[in-house]
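A.B. asks: Quick one: structure below, then a few questions.
The values are calculated or read from the model by the stated rules, or taken from the named source; none is laboratory data. In this text the structure is predicted, and so the values were computed from the model without any measurement. Counting neighbours? That spans all protein chains shown, and the Cβs are built from the backbone with ideal geometry, glycine included. The accessibility values were calculated without ligands, DNA or RNA, using every heavy atom of the protein model including side chains. Shrake-Rupley method; radii C 1.70, N 1.55, O 1.52, S 1.80 Å.
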Amino acid sequence: MTTQMLTYLFVGLSFALYIGIAVWSRAGSTKDFYVAGGGVHPVVNGMATAADWMSAASFISMAGIISFVGFDGSVYLLGWTGGYVLLALLLAPYLRKFGRFTVPDFIGERYYSKTARIVAVVCLIFVSFTYVAGQMRGVGIVFSRFLEVEVNTGVVIGMAVVFMYAVLGGMKGITYTQVAQYCVLIFAYMVPAIFISLMITGNPIPQLGFGAEVLDAEGLGSGVSVLEKLDGVLMDLGFGAYTQGSKSTIDMFAITAALMFGTAGLPHVLVRFFTVPKVSDARLSAGYALVFIAVLYTTAPAVAAFARLNLVDTVQDTAYADAPAWFGNWEKTGLIAWQDKNNDGVMQYSAGAALSPPKPIFSDQKGLHGERLLKNEPSASANEVYIDRDIMVLANPEIANLPGWVIALVAAGGVAAALSTAAGLLLVISSSISHDLLKQTLMPNISDKQELLFARIAAAVAVCVAGLFGIYPPAFVAQVVAFAFGLAAASLFPAILLGIFSKRVNKEGAISGMLVGLMFTFGYIAYFKFYAPELNNSGYWLLGISPEGIGFLGMLMNIGAAFVVSMMTAPPPSDVQNLVDDIRIPTGAGIAHEH
Amino acid sequence: MSEQHYHHQGENFPPASHHDQQVITDAVAKGYWRANLRLLAQLLIVWFGVSFGFGILLADWLDQFSFFGFKLGFWFAQQGAIYVFVVLIFIYARRIAVIERRFGVDDDEHDITATKKQGAS
């Protein structure tokens, strides 16, 4: 069977599995729809959380980015795992004890205010849509390369599948589908990683192979470790050393912090801890989630290093005519390009942007050697090869010459990662609309059945909007996602944290904090990314902090504003102070679920 | 304060939950919370130390040491901190459970069965 057919088969089978699970676990009540009935086992919830968490950005883009930036890429590894410690220690158990359906539920009750609830809904929708845009784009990339359909058709197919199980099954359908998706995606990630680690170092465990010696042509130890070799090879080509950062320490610090606090403030992750039976289960569940996540996150940097080594080996000083088939395949999708600047028919790869403007603009003609010709001006750099970071994980099995079924598996895994996260996000968007906006604010008299119907309609609308984002993508996957974290860190995380750990912060404080944090962070990002992108460099940044890391500063401002305003206004009423006392004590979480 | 529970307007808790008969005094609640905060502070110092400390602020200095073929600072940033994070969560789960039992504020078995029945209906 050809790789193409295997890919159709694997992706098709995985879709059939997801839809089958969705039909089997259809939601019958709003409680099923919002929190899967509240009886999910912590290990199952941990696995579902991991799938929910690991998005197209984790699966497709992260190793690719690390591959190109080396040590600087640690911000993603630290940020996207360290947040779980904050979740397990500071938020999850208390939110479970509080025991309602949504994050705005907590903020609305704790700050005894419909305004606070609506501000939280606005923050939530902002964060979730920014994030979901990246997922749909991820689905599009996978489809366009592996199934050779148009990116837009790919997005529509993805939307249809998510629609099936998110709208029908709600949280219940999503939870059990995500367990299946975790298994697909982790298997798809690990298999090529193990193969490549074996090939390069002879060690089957990528986490260890990462630090091991590179094997020479005879399969014997060469005395040089993977990272030493990579440092050497890259410096020869004019790049910085792989293990040395180029970002300033303060920027590394701020980005990591924004990603960590953002992780802990992401509504689609927080809501997962409403689904377990007990407070102690919420803690354990966060622990299991991190175990399942760590499997991928400790493999990713190894994959990144191996992929970079492989790439340089394959491309550098290779005649285009002798380039392996994957090069042409990815060239077709426009994610790789080659401009023969010195007309020698050989690809020279080195530091610096190959093209000007940096993204390739293809003409319809073919060059002397069969390459796609570009309309870009050649840049001053001697580098002739453009490579999009997003392809590193997807192209890795081909670059390493692995069998067709491994390539097919990676395609299915990429789709699983994107769909599981998209579904989780769509669910929190729809529940915040049907539950927080309609039931709790605008239409308090609707029945449970009607609320469930509205939840389904909201999910359907959200799927369509997300699809539009996928068809007209704002920027590339991980970059878009990175901003969602800054916004979550600056708006929702402090409001929830202060709501649990302070009895003094009141509604005026929380609302002004959220608004200050959100507006500052959004304004800063919008200024440097859209309004004045030419100024987006460390010379103009506030305190040397890039837009990716500014959420950390936004968070500090949020906390500062919340305290100052709270001190100037009346303390929260005594029943709210009693609520805080109550959520701090684990006893009695089972009954807290009655609503 | 004799009744710890916060009853929201319009909410009907089942009348015979074990919790409603149990009294958690103010002093117990305060003692438990203080013990919890102390434990949290210890664990968060470690959390900060391995990630922001070893992985970022001290990474350049630690890179002079070699660890299983890695520069040590680089290893913490791309591997080590993640392992420590996992361990921290399970340590917290275990130690807080001991503290809860000591203060008599744990979530016990009655609640699970109650929730399961509700979930199935």
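A.B. asks: Being among the β-branched types (Val, Ile, Thr), outside any loop (DSSP other than H, G, I, E, B), in contact (Cβ under 8 Å) with a residue 24 or more places away in the chain and within 13 Å of chain B (Cβ to nearest Cβ) is the filter here; which residues of the stretch A:215-249 pass it?
C.D. replies: A:226
A.B. asks: Starting from residues that are assigned to a helix (DSSP H, G or I), open to solvent by less than 10 Å² (accessible area, probe 1.4 Å) and not small (Gly, Ala, Ser), keep the ones in the stretch A:273-282 and report whichever is nearest to the other protein chains (Cβ to nearest Cβ).
C.D. replies: The selected residue is A:279.
A.B. asks: Let me ask something else about it. Residue A:342: more than 14 Å from chain B (Cβ to nearest Cβ), closer than 26 Å to residue A:394 by Cα and surrounded by fewer than 24 Cβ atoms within 10 Å (Cβ to Cβ), yes or no?
C.D. replies: Details: more than 14 Å from chain B (Cβ to nearest Cβ): yes; closer than 26 Å to residue A:394 by Cα: no; surrounded by fewer than 24 Cβ atoms within 10 Å (Cβ to Cβ): yes.
When the stated conditions are applied, residue A:342 does not pass them.
A.B. asks: In addition: Mind counting the residues in the stretch A:345-404 that are among the charged types (D, E, K, R), over 24 Å from residue A:59 (Cβ atoms) and surrounded by 18 or more Cβ atoms within 10 Å (Cβ to Cβ)?
C.D. replies: Number satisfying all stated conditions: 3.
A.B. asks: Answer with yes or no whether residue A:380 is assigned to a helix (DSSP H, G or I) and either over 31 Å from the mean Cα position of the chain (by Cα) or basic (Lys, Arg) (or both).
C.D. replies: Considered against the rule, which asks whether it is assigned to a helix (DSSP H, G or I) and either over 31 Å from the mean Cα position of the chain (by Cα) or basic (Lys, Arg) (or both), residue A:380 comes out as no.
A.B. asks: Does residue A:167 satisfy being assigned by TED's automatic domain parsing to the domain that holds residue A:46, in contact with a Lys or Arg (Cβ under 7 Å, 6 or more places away or on another chain) and part of a helix (DSSP H, G or I)?
C.D. replies: Against the criterion (assigned by TED's automatic domain parsing to the domain that holds residue A:46, in contact with a Lys or Arg (Cβ under 7 Å, 6 or more places away or on another chain) and part of a helix (DSSP H, G or I)), residue A:167 qualifies.
A.B. asks: Something else now. Please find, among A:143, A:187, the residue that is under 20 Å from the mean Cα position of the chain (by Cα) and either over 26 Å from residue A:290 (Cα atoms) or not assigned by TED's automatic domain parsing to the domain that holds residue A:406 (or both).
C.D. replies: Being under 20 Å from the mean Cα position of the chain (by Cα) and either over 26 Å from residue A:290 (Cα atoms) or not assigned by TED's automatic domain parsing to the domain that holds residue A:406 (or both) holds for just one of A:143, A:187, which is A:143.
A.B. asks: Quick one: how many residues across the stretch A:120-140 are farther than 14 Å from residue A:431 by Cβ and open to solvent by less than 10 Å² (accessible area, probe 1.4 Å)? Explain how you work it out, then say what you get.
C.D. replies: First, the residues of the stretch A:120-140 that are farther than 14 Å from residue A:431 by Cβ: A:122-123, A:126-127, A:129-140.
Subsequent filtering for residues that are open to solvent by less than 10 Å² (accessible area, probe 1.4 Å) retains A:123, A:127, A:131-136, A:138-140.
Counting residues in the stretch A:120-140 that are farther than 14 Å from residue A:431 by Cβ and open to solvent by less than 10 Å² (accessible area, probe 1.4 Å) gives 11.
Yes or no, residue by residue, for (1) away from every other protein chain (no Cβ under 13 Å); (2) open to solvent by less than 10 Å² (accessible area, probe 1.4 Å); (3) of a type outside the set (A, V, I, L, M):
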| residue | (1), (2), (3) |
| --- | --- |
| A:6 | yes, no, no |
| A:66 | no, yes, no |
| A:74 | no, yes, yes |
| A:96 | no, yes, yes |
| A:99 | no, yes, yes |
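A.B. asks: Among the helices (runs of 4 or more DSSP H) confined wholly to the stretch A:1-106, which include 3 or more residues that are closer than 30 Å to residue B:71 by Cα?
C.D. replies: Filter on the stretch A:1-106 gives A:63-69, A:74-86.
A.B. asks: Looking at A:530, A:454, which is the one that is under 23 Å from residue A:119 (Cα atoms), in the same structural domain as residue A:140 (by TED's automatic domain parsing) and of a type in the set (Phe, Trp, Tyr)?
C.D. replies: Of A:530, A:454, the one residue that is under 23 Å from residue A:119 (Cα atoms), in the same structural domain as residue A:140 (by TED's automatic domain parsing) and of a type in the set (Phe, Trp, Tyr) is A:454.
A.B. asks: Next question, about the same structure. From (1) at the interface with another protein chain (Cβ under 10 Å from one of its Cβ atoms); (2) at pLDDT below 85; (3) open to solvent by 10 Å² or more (accessible area, probe 1.4 Å), pick out the condition that doesn't hold for residue A:70.
C.D. replies: (3)
A.B. asks: Being at negative phi, modelled with pLDDT of 80 or more and part of a helix (DSSP H, G or I): is that true of residue A:425 here?
C.D. replies: Yes, satisfied.
A.B. asks: While we're here: Could you identify the single residue in B:70, B:54, B:85 that is in contact (Cβ under 8 Å) with a residue 24 or more places away in the chain, under 17 Å from residue A:245 (Cβ atoms) and either surrounded by 16 or more Cβ atoms within 10 Å (Cβ to Cβ) or facing chain A (nearest Cβ under 9 Å) (or both)?
C.D. replies: Step by step, each of B:70, B:54, B:85 is checked, and only B:54 is in contact (Cβ under 8 Å) with a residue 24 or more places away in the chain, under 17 Å from residue A:245 (Cβ atoms) and either surrounded by 16 or more Cβ atoms within 10 Å (Cβ to Cβ) or facing chain A (nearest Cβ under 9 Å) (or both).
A.B. asks: Among the numbered criteria (1) open to solvent by 20 Å² or more (accessible area, probe 1.4 Å); (2) aliphatic (A, V, I, L, M); (3) more than 7 Å from chain A (Cβ to nearest Cβ), which single criterion is violated by residue B:97?
C.D. replies: Among (1) open to solvent by 20 Å² or more (accessible area, probe 1.4 Å); (2) aliphatic (A, V, I, L, M); (3) more than 7 Å from chain A (Cβ to nearest Cβ), residue B:97 violates only (3).
A.B. asks: Next question, about the same structure. Regarding the stretch A:287-299, can at least one residue be identified that is at pLDDT below 85, open to solvent by 10 Å² or more (accessible area, probe 1.4 Å) and among the hydroxyl-bearing types (Ser, Thr, Tyr)?
C.D. replies: The first filter runs over the stretch A:287-299 and keeps only residues at pLDDT below 85, leaving none.
No, that holds for no residue.
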